[in-house]
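> Can you keep this structure in mind? I'll have questions shortly.
Throughout, read-outs are computed from the coordinates displayed, never taken from laboratory work. It should be emphasised that the depicted structure is a prediction, and the values quoted were computed from it without experimental measurement. Neighbour counts run over all protein chains shown; Cβ positions are idealised from the backbone, glycine included.
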Amino acid sequence: METMIGKTRLVLLRGDITRQSVDAIVNAANSTLLGGGGVDGAIHRAGGPKILEECKQIVARQRGCVTGDAVITGGGNLSAKFVIHAVGPFWSGGDRGEDGLLASAYRSSLRLAAAHRATSIAFPSISTGAYRFPVERAAGVALRAVRAFLRAESHTLLEVRFVLFGEADLAAYETALAALSPA
């Protein structure tokens, strides 16, 4: 499924984010930046030790990455030039600012991509794995944040992909995209 937002093509697909040929892939990272399971582990395994070394340098400078923010490293062995490590929130029932923090993680990632003149970026479904954010809700938050950024901010992005691991996640994002009002 795909649509245009201004000059940018927004694409939803099922696949492996580590195999995407884009300028930047987004890692659903934890605040320590030292790797983990799920998407984070897959990106670190596929990208090799250079990504972890760059993450360690960031940690030494700024003690990791706070929830709702993102940092950038090189792509290591990936075909992507950059990995943007975005830290989404743990789901705590929805009344602790989770939606705002998740939207912030997407905006921070997009700003880093734009600052590095990326023309394409691939996102996973941030926070919906081990952090337990309900995927149906996360999809709406993510797509609204991306749409608002693409409409309001200066950027070089020609394509934004959401690369979903499972069929249920893809269906949730397709439903959320279809529900977005055109305004």
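> Specify the residue with the greatest mean-square fluctuation among G88, G68, G48, computed from a Gaussian network of the chain linking alpha-carbon atoms under 10 Å apart.
Looking only at G88, G68, G48, the largest GNM fluctuation is found for G48.
> If I model a spin label as a point 7 Å beyond the Cα along the Cα-Cβ vector, how far apart are those points for S79 and A179 in nm?
Label-label distance for S79 and A179, simple model: 3.3 nm.
> What dipole magnitude, in Debye to the nearest 20, does the chain give about its Cα centre under +1 on Lys/Arg Cβ and -1 on Asp/Glu Cβ?
440
> Using just the alpha carbons, could you tell me how many Å³ per residue the convex hull of region 1-71 encloses?
Value for region 1-71: 120 Å³ per residue.
> For region 61-80 and region 89-104, compute the distance between their C-alpha centroids and round to whole Å.
20
> Taking Cα centroids, how far is region 110-125 from region 2-48 in Å?
For region 110-125 versus region 2-48, the Cα centre distance is 10 Å.
> Here's a follow-up. Once you put a point 7 Å from the Cα of V59 and another 7 Å from the Cα of M4, both along the Cβ direction, what distance in nm separates them?
Here the modelled spin labels are 4.5 nm apart.
> Using the Karplus curve 6.51 cos²θ - 1.76 cosθ + 1.60 with θ = phi - 60°, what ³J(HN,Hα) values do you get for each residue of region 8-15, in whole Hz, with x for Gly and Pro?
Couplings: 9, 8, 9, 10, 10, 8, 9, x Hz.
> Residue separation times 0.36 nm, minus the C-alpha to C-alpha distance between L34 and H116: what's the value?
Values: separation 82, 0.36 × 82 = 29.52 nm, distance 2.27 nm.
The L34-H116 span can extend by a further 27.3 nm.
> Putting +1 on Lys and Arg Cβ atoms and -1 on Asp and Glu Cβ atoms, find which of N30, Y131, H85 reaches farthest to the positive end of the dipole of region 28-137.
H85
> Taking amide hydrogens as modeled 1.01 Å from N in the peptide plane, which residues meet the under 5 Å criterion relative to G74, leaving out close sequence neighbours?
Under 5 Å from the amide H of G74 lie the amide H atoms of V83, each far enough along the sequence or on another chain.
> Next question. Please say if region 2-179 is rounded, prolate or oblate, where rounded means a/c under 1.5 for a ≥ b ≥ c the square roots of the C-alpha gyration tensor eigenvalues, and otherwise the choice is prolate for a/b larger than b/c and oblate otherwise?
Because its axes are fairly even, with a/c under 1.5, region 2-179 counts as rounded.
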